[in-house]
Amino acid sequence: MGEEPKVDRLIDARNTFCPGPLMELIRAIREAKVGEIIGVLSSDTGSKRDIPLWVSKAGHKLIGIYEKAGYAEIVVQKMK
Amino acid sequence: MAERLSIIVFSGTVDKLYPVSILASGAVAMGMDVDIFLTFWGLNAFFKDTVRTNTRMSKDFEDMASLVMQVMKEKKVPSWYDTLKRAKELGNVKIHACSMTLDLLDIKKESLDEIVDDIMGVGEFIETARNSKITLFI
């Protein structure tokens, strides 16, 4: 997915379980300003589907999902 | 108006309280309101004094209980109570105590944990459930 974007906030939700990473992201998005880019590190399998679904439902933008060793970095931009 | 998930919580064992709190969290995450109706053993799990120390598990999976609890502890899974509390902080989750159970067992509202919002009769809860997209009995 090309070069990874620079994030304004990084949430390390590794080793938390569904729906932990999603809940952490929602909390961070609420606190963030419009346009901010937020990265979530997640080792939970459900996140890779749950988070994009929530992002589109909530009207934000999924920048990408970057696979790492044993976890993924999911990058989201707050749109409103 | 937000769509609603209604959950009738009849069970008071930890293995069943987990799905209650996780499903409530998921619903809140997806923008739904949640109404939880605590009745019988479900209500029994919400006493102020024991809500955090409850270790009861379903009888039918008793042989796996200690293993599951050990894994949860090792993996630092937040308790069902903390999960439910977080869902409440994040969204519109209302927890109602069944008035019939309270009356029957002489339970005072004060002895219930603060996470419980109010006391409700079954009729009102059914009206709530009638206006829900999803209703579960756990």
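Within segment A:14-26, identify whether any single residue is farther than 17 Å from B:Val77 by Cβ and either more than 13 Å from every other protein chain (Cβ to nearest Cβ) or in a helix (DSSP H, G or I) (or both), and answer yes or no. Within segment A:14-26, one or more residues are farther than 17 Å from B:Val77 by Cβ and either more than 13 Å from every other protein chain (Cβ to nearest Cβ) or in a helix (DSSP H, G or I) (or both).
Residues in segment A:52-68 that are closer than 17 Å to A:Arg30 by Cβ and in a helix (DSSP H, G or I): A:Trp54, A:Val55, A:Lys57, A:Ala58. With a requirement of 2 or more residues that are more than 11 Å from chain A (Cβ to nearest Cβ) and over 13 Å from the mean Cα position of the chain (by Cα), the helices (runs of 4 or more DSSP H) lying completely within segment B:11-108 that satisfy it span B:62-74, B:99-104.
Is it the case, given these coordinates, that A:Lys6 is more than 11 Å from every other protein chain (Cβ to nearest Cβ), at pLDDT 90 or above, more than 12 Å from the chain's Cα centre (by Cα) and closer than 17 Å to B:Met30 by Cα? No: the conditions fail for A:Lys6. Within segment A:27-38, the set of residues being surrounded by 17 or more Cβ atoms within 10 Å (Cβ to Cβ) and in a helix (DSSP H, G or I) comprises A:Ala28, A:Ile29.
Of all residues in segment B:48-68, at least one satisfies being touching an Asp or Glu at 6+ places or on another chain (Cβ under 8 Å), buried (at least 19 other Cβ atoms within 10 Å of the Cβ) and modelled with pLDDT of 95 or more. Only a single criterion out of (1) surrounded by 16 or more Cβ atoms within 10 Å (Cβ to Cβ); (2) at pLDDT 95 or above; (3) out of contact with any helix residue (DSSP H, G or I) (no Cβ under 9 Å at 6 or more places or on another chain) is not satisfied by B:Val116, namely (3). Just checking, does segment A:43-53 include any residue being more than 14 Å from chain B (Cβ to nearest Cβ) and under 19 Å from A:Pro5 (Cα atoms)? Looking for residues that are more than 14 Å from chain B (Cβ to nearest Cβ) and under 19 Å from A:Pro5 (Cα atoms), one finds at least one in segment A:43-53, hence yes. Could you please find all residues in segment B:109-119 being out of contact with any Leu (no Cβ under 9 Å at 6 or more places or on another chain) and either outside any loop (DSSP other than H, G, I, E, B) or among the hydroxyl-bearing types (Ser, Thr, Tyr) (or both)? Within segment B:109-119, B:Glu110, B:Ser111, B:Asp118 qualify. Does B:Gly26 fit the bill of being out of contact with any strand residue (DSSP E or B) (no Cβ under 7 Å at 6 or more places or on another chain) and surrounded by fewer than 15 Cβ atoms within 10 Å (Cβ to Cβ)? Judged against the criteria, B:Gly26 is not a match.
The values are calculated or read from the model by the stated rules, or taken from the named source; none is laboratory data. As the structure is a prediction and not an experimental result, all values here were calculated from the model. Here Cβ is always computed from backbone atoms with ideal geometry, including for glycine, and neighbour counts include all displayed protein chains.
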